[in-house]
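Bear in mind that the values in this text are calculations on the coordinates, not laboratory data. Just so it is clear, the model here is predicted, and its values are computed rather than measured. Cβ: placed from backbone, ideal geometry, glycine included. Neighbour counts: every protein chain shown.
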Amino acid sequence: MNEKMQVWMEKAKSALTLITHRKTVKSARITYQVFWNLFLLVLTVVILGGSFATGVGAGYFASLVKDEPVRSYDSMKKDIYNYTETSDLYFANDVYLGRLRTDLVREEVKLDHVSKDLSNAVIATEDEYFYQHKGVVPKAVFRALFQEVTNSAVQSGGSTLTQQLIKNQILTNEVSFQRKANEILLALRLEKFFDKKEILEAYLNVSTFGRNSSGQNIAGVQAAAKGIFGKSASELSLPQAAFIAGLPQSPFGYTPFTREGTVKNNLEPGLARMKTVLKRMFDGGYINQQQYAEASAYDITKDFTPPVANPLENYPWLTFEIEKRAIEVLTTVLAEKDGHTEKDLKNDDNLYYKYKTLASHDLHQNGYQIHSTIDKDIYDAMQVVKDNYKNYGPDKPQEKEDPETGEKITVMEPVEVGAELIENKTGKIISFVAGRDYDKQKLNHATSAVRQNGSTMKPLLVYGPAIELGKAAPGTPLPDVALSLAPGRSTPWPRNYDLRYSGIVSARYALAKSYNVPAVKLYKDIVDQQPAKYLEKMGFTSLIKPDFENLATSIGSLEKGVTIEENTNAFSTFANGGKFIDAYMIDKIVDKDGKVIYQHEVKPVDVFKPQTAYLTLDMMRDVIKTGGTAAGVNSKLNFRTDWAGKTGTGNEYIDSWFVATNPNVTFGIWTGYDTPKSLKTPGLSYSLRTNNLWAELLNSAYSIKPDLVAPKESFQMPDGIVKRSYCVVSGMLPSSACSKAGLIESDYFNVNDVPSKVDDSLLESKFVTVGGKKYLALDSTPQEFAQLGLILNPAFIERMVGKNFKNYSQLIPQKDRWGKVLVTTAKMVDNGKNPDGVNLAVSGNTLTWNSSPDNDVVGYRVYQGGSKVASIVNGSSLSFTAGNGAYYVTAVDIAGKESAPSNHVEIGAIPEAPPTEAPPTTP
């Protein structure tokens, strides 16, 4: 043992002595007890504090969710499956058009139709414990809560798929403890009601996924698969599934497309996210090492689908029109479901607004199928014709206000067009042309532009109603003369488009030639019977009180106007035997469960009797025949069928129309400038430009469906129509005078309105000519100077044109067969004295004399040796070729009084006068 060892042992011994010292032992025991008691105290405080905190936390949680209702299974099912799904649009015959315009494209899909890779990718990325938890993961909740309280810079998600579904479908994105507490409560309840498959399916349909290749916002994996890769969700490859599964964390950060529909320049965020998803799938055991490696190395960018045509791009007018009409239809459907009627909606603006708002919401969120009546092939063909037509006429300058600067600028405004094709018996709108260029003018000229309809109004408001009321027939004579028909106006109104007059013409002829005066005159005779009521029955929606009273309405000068659809639709009434069938575009609406929630029903409205409809049609046939205002269209058509129609021109030539109907379809067209200005230009007339385009558009439709556009059958004459002869002067039964004049024709009549009275318009009478004018002869007028002729009865003239009309000669048409009819009611008054004599001269064997200065002289007598040898009618040549002898001349007035003899003249040798017997002597 060395020295150091001994020192150590001494120290140990001293230490042991110290430890075993009584006092020291006692002190150590006390210290231990103090520490133990302190530990127990702290433990007690912790336990009590934890219990208190737990109680407080539970109470606080309860206070946060106290206002959240206890939701039933049905309630939660309705909310969870209430996807905002875009409605689909269809042409006729189930031809797909596209999706309704929307801010969010969604397409529902069942979980069985989603690739397993996509389902696994979503679970691995968004909720790895999805199949184990009951709606929430406690540690994730506490972790998220701690991070929120400590404002941690790095935060990890604390929401399960179930919680995300609750947030998207029932709650909001509000950041608050109350919202989070409600989310947890509802997630637990949702897991109680629904199995994992149902929850996953709902989540996959709800989540947003950025944009598709057309730049539209998308939601749901089906819309994502189609919009990004051009395939359904069931066909996705592993890399594609991983790419889509990564999008919900930052949809617009990871999406590969811009809002313009182009591929982003920087795709790295989305590609990196895809690899993260694949790594989590590998870590979760969903894919093996090889799959992970191959998918991570895959170039996903080559799978991006090109932009898909948006129906709003190819069919902007049609898409908006279907949407507008579908909302109107659903407005009525929803209101009627709640016990309201269409009349209620019309009379209550607030009620209408309420249901229209609901209808718009449903249309954009409930995934309906909206089936229209539009024939795609015909519609497309008409757009081609419209775009290629060369004869619209010139663009014209128009001053407008710059929307940005407010300054006045001049732009060139083109001639616009609107047209619509309607099937008569159903009211289906087969096709329409809305305008020249949607990008320049978005107004749908076929369905929404309101314009004056010019002379196309005449069959609708004048001739049809007049025939219906028994006031006219096709052969009814009407005056086309300078009448002043406007109240308080002394100058002639209306004027015909050619600024000429044609005298007495038939209603048939007046319509074919589109004369204004006869139409307004006939309308004036029936206006007290409110013929505008027929327009209301035929779907005119913009009529106001003055339209029922103003005579100008009869020639298309409305206070507001009429749409092309309304005007065209009204003409189909005649083709339907007098029944109006409202045109429509929405055939049916089907919900996403396949249930038809709306089906259009045809509801005919009685407007005219079948006889009226046919007689008006027959008159309109003449418009298209030789001599009518649309005579040229037949030569432009590639087919023949039974057409009846009417042209029309707006005031100051600002509107040009042609509407025609056949047994199958009615087609109407309008052209004009949006800012009203004259269509008249040098070259091809505006009416021919319109009519030719009408024909070209119909030819394009005929090339698609000839049986529809060109029926082989003609309009069938109904019972109750007969053909009868009548006097064209009065429209009454022929008289002997009318027969002598050669003015008897035949036409169709409603059997109840056949004329029953004999014509009294023509009188056989003597007349004389004085100063180039014709006057009725007096009883004392010498026969030698009076002519026998047919004269219009003054009483008839007064009935036709009124007392104030004096230009009687205008009543006689410039037609050869009217040459036997004279118009005179003038009676010359005898001035009470013998006429002044004349001066006689001779040259060779020709006698000449001057006319008598008296204005009632009707002729001259030539005497030779005291014997009358000739009577010369006033107005003819004042000369006479005579033989040898002595002559003189006298003037004879209308009363038969004779002037003194003129001077005597001699020609050649005067023959010796024969001896005369001496007068007998008076007894």
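Quick notes
- For the residue pairs 77/279; 513/806; 386/425; 428/712; 425/636, alpha carbon separations beyond 31 Å are given by 77/279.
- Helix 116-126 axis versus longest C-alpha principal axis of the chain: approximately 60°, rounded to the nearest ten.
- For the chain, calculated [θ]222 nm from helices alone, where every DSSP H run of n ≥ 4 adds -39500 (n - 2.57): -11000 deg cm²/dmol
- Straight-distance crosslink candidates among lysines, where the alpha carbon sits under 22 Å from residue 897 and sequence neighbours closer than 8 are dropped: 766, 773, 774, 827, 833, 868
- Expressed to the nearest 5 percent, the antiparallel share of DSSP beta bridges inside the range 721-822 is 85 percent.
- If the chain linking residue 110 and residue 402 were pulled fully straight, counting 0.36 nm for each residue of separation and taking away their Cα-Cα distance, it would gain 99.9 nm.
- Rg to Rh, two decimals, where the chain supplies the alpha carbon set and Rh follows Kirkwood: 1.33
- Dipole of the chain, positive end: most advanced residue of 596, 138, 379 [Cβ charges, Cα centre]: 138
- Convex hull volume of the Cα atoms of the range 583-663, normalised per residue: 194 Å³.
- In this simple spin-label model, placing a label point 7 Å from the Cα along the Cα-to-Cβ direction at both residue 816 and residue 411 gives a separation of 5.8 nm.
- In this rough spin-label picture, where each label sits 7 Å from Cα along the Cβ direction, the residue 302-residue 234 distance is 2.7 nm.
- Averaging Cα coordinates gives a centre for the range 505-519 and one for the range 747-768; these two points are 19 Å apart.
- Computed FRET value (nearest 0.05) for residue 712 with residue 625, which takes r as the C-beta separation and R₀ as 25 Å: 0.80
- Exceedance of the 31 Å cut-off in Cα-Cα distance is limited, within the set 537/757; 408/560; 560/646; 376/458; 343/705, to 537/757; 376/458; 343/705.
- Unit charges on C-beta of K, R, D, E only; dipole of the chain, Debye: 2860
- Förster-model FRET efficiency, 60 Å R0, residue 351 and residue 192, C-beta, rounded to 0.05: 0.90
- Helix axis angle, 516-526 relative to the chain longest principal axis, alpha carbon, degrees: 80
- Near-label residues of the range 697-719 by backbone N, under 17 Å of a point 7 Å along Cα→Cβ of residue 389: 697-703
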